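Step one of this worksheet: look at the structure below.
The values are calculated or read from the model by the stated rules, or taken from the named source; none is laboratory data. Just so it is clear, the model here is predicted, and its values are computed rather than measured. Note that each Cβ is placed from the backbone with ideal geometry, even for glycine, and that neighbours are counted across all protein chains shown. Accessible surface is based on the protein model in full, side chains and every heavy atom, while ligands, DNA and RNA are left aside. Shrake-Rupley method; radii C 1.70, N 1.55, O 1.52, S 1.80 Å.
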Amino acid sequence: MHVLEADACFAPVRYDLLIDDTQPPPPPVTSTEDLAWIDERLRATGARPV
């Protein structure tokens, strides 16, 4: 599946409105390193405040 096809599938559901990216992810986050990586990615995209 190409990215555009995936976007077309998920766009009608509006997952961006269902998931609160300002909060830490629910368990199971397996390591502190994983949590730091997720936080960095969300901040880099503007989904989480800096």
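Show the residue pairs that are 6+ apart or on different chains and have beta-carbon atoms under 8 Å apart, the first residue being within the range 27-50 and assigned to a helix (DSSP H, G or I), the second being open to solvent by less than 60 Å² (accessible area, probe 1.4 Å) and not acidic (Asp, Glu). From the range 27-50, the pairs are LEU35/PRO25; LEU35/VAL29; ILE38/PRO25; ILE38/VAL29; ASP39/ARG48; LEU42/ARG48.
The set of residues in the range 35-48 that are open to solvent by 90 Å² or more (accessible area, probe 1.4 Å) and either touching a helix residue (DSSP H, G or I) at 6+ places or on another chain (Cβ under 9 Å) or among the acidic types (Asp, Glu) (or both) contains only GLU40.
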